[in-house]
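Okay, structure first, notes after.
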Amino acid sequence: MDVLNWKSKYVEPGICDGTQWSVEIVRDERNIKKYGDNKFPDEWDECLGDEKMNIINFIVIVMLLSVLTKQISYIRKLKIKTKKSFLEILTVVLGILVLITLTIFFAKHYMHFLIAFIGIILLVINWIKQGIFDSGILIVAKGKELYLWNEVRYAQINTGDIITIDYYSVSGSKIISHKFEMQNYDKILEIFEDNNIQFVIENPTK
């Protein structure tokens, strides 16, 4: 926005009321003043548009940071993380690459880069956070990320090279299926027993 090349006055004749504005630039040599009465420079709408966009970007950043803080608190409470499949890893990597590509081509302001950076962190944390914690299970599905133990009716455990657990809600519908490393077997059963979660074990380990 080239304020220095604005006219000194922008006046719309014949209007007694309306909007008046002024801009003063303080410089070492002399101050430069611009004034308007119901008339504006050609760049005025662009200026206001940029200001509104900055406000929107700021609100988005605050909201993302709020969500990020919540997700980090979940990560800190996590007791047993799910085992990540190759497909999950590939999906997250591709998601990160897409965000980076979109940012490189379309970002026009440092706030855009900050939003993309926070978005990538959220993507990774949202993927990592799945698993078991003291009060319930953390998932990424069905628009709900947290199921407390009193919302889980029972769990079906299938053991083999890895542990697969199917969780069922109090209504009897399946919540989600999670996979875990076999080394977490005893710890999982201990958490279930401590929280009075009914479970059925198929192919139990000896």
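Worth a mention:
- Distance (nanometres) between label positions extended 7 Å along Cα→Cβ at Met53 and Ser177: 4.6 nm
- Helix-only CD estimate at 222 nm, as mean residue ellipticity for the chain, using -39500 (n - 2.57) per DSSP H run (n ≥ 4): -14000 deg cm²/dmol
- Options Gln71, Val140, Val200, ranked by Cα towards positive dipole end of the chain, top entry (Cβ charges): Val200
- Charging the Cβ of each Asp and Glu at -1 and of each Lys and Arg at +1, and nothing else, the dipole of the chain about its Cα centre rounds to 520 debye.
- Max mean-square fluctuation residue, GNM over the chain, Cα-Cα springs under 10 Å, options Ile55, Ile132, Ile175: Ile55
- A dipole drawn for the chain from +1 and -1 charges on Cβ atoms has a positive end, and of Ser169, Ile61, Gln156 the residue lying farthest that way is Gln156.
- Choice from Gly14, Gly172, Gly136 showing the highest fluctuation, given a GNM over the chain with Cα pairs closer than 10 Å: Gly14
- Under the span-like rule (Cα at least 15 Å along the axis, Kyte-Doolittle mean at least 1.6), DSSP H helices of the chain: 86-106, 110-128
- For the residues Leu87, Leu123, Leu97, a GNM of the chain with alpha-carbon springs under 10 Å puts the largest fluctuation on Leu87.
- Simple label model, 7 Å out from Cα along Cβ direction - Val23 to Leu123, nm: 3.8 nm
- Here Lys34 is the anchor, and the lysines within straight C-alpha reach of less than 21 Å, apart from those fewer than 8 places off in the same chain, are Lys7, Lys9.
- Set of lysines with alpha-carbon distance to Lys187 below 19 Å, sequence-local pairs under 8 removed: Lys77, Lys79, Lys81, Lys83, Lys84, Lys129, Lys179, Lys206
- In this simple spin-label model, placing a label point 7 Å from the Cα along the Cα-to-Cβ direction at both Ile201 and Thr101 gives a separation of 4.7 nm.
Bear in mind these aren't lab numbers, they're just calculated from the coordinates by the rules spelled out. Quick caveat: nothing in here was measured; it's all calculated off a predicted structure. FYI the Cβ positions are ideal-geometry reconstructions off the backbone, even for glycines, and counts take in every protein chain you see.
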